[in-house]
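The values are calculated or read from the model by the stated rules, or taken from the named source; none is laboratory data. None of these values were measured; they are calculated from a predicted model. Note: ideal-geometry Cβ built from the backbone for every residue, glycine included; neighbour counts use all protein chains shown.
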Amino acid sequence: MCQAKVFLDAPKDENLVMEDVARIFREAGNDAHAEVLVLVNLFGEEKRIEGRIASIDLLRHHVVIEREEP
């Protein structure tokens, strides 16, 4: 299987947000500058996170999201 684990970048380590992510897409946030990443797993469950993709490692199936600074 080729699903990814998505992590939220924190100052000292990474926090797991969701496993078995099959799809990631963007949608507009609440204000004009914010973007929201929508994560969808194999079961169709969704999580929305305000931020941007910092890195993607396709060999490790590892995605890191950074929160945007205000």
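Here are the numbers for this structure:
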{"quantity": "Residue within the range 24-42 that is in contact with a His (Cβ under 9 Å, 6 or more places away or on another chain), outside any loop (DSSP other than H, G, I, E, B) and not hydrophobic (A, V, I, L, M, F, W, C) present", "calculated": "no"}
{"quantity": "The range 41-70 residues that are within 11 Å of residue 4 (Cβ to Cβ), paired with ones that are among the polar types (S, T, N, Q) and outside any loop (DSSP other than H, G, I, E, B) (beta carbon under 6 Å, 6 or more apart)", "calculated": "64/55"}
{"quantity": "Matching residues, the range 2-51, being touching a Lys or Arg at 6+ places or on another chain (Cβ under 6 Å) and of a type in the set (D, E, K, R)", "calculated": "19, 35"}
{"quantity": "Residues of the range 43-60 that turn out to be surrounded by 11 or more Cβ atoms within 10 Å (Cβ to Cβ), outside any strand (DSSP E or B) and modelled with pLDDT of 95 or more, as a count", "calculated": "1"}
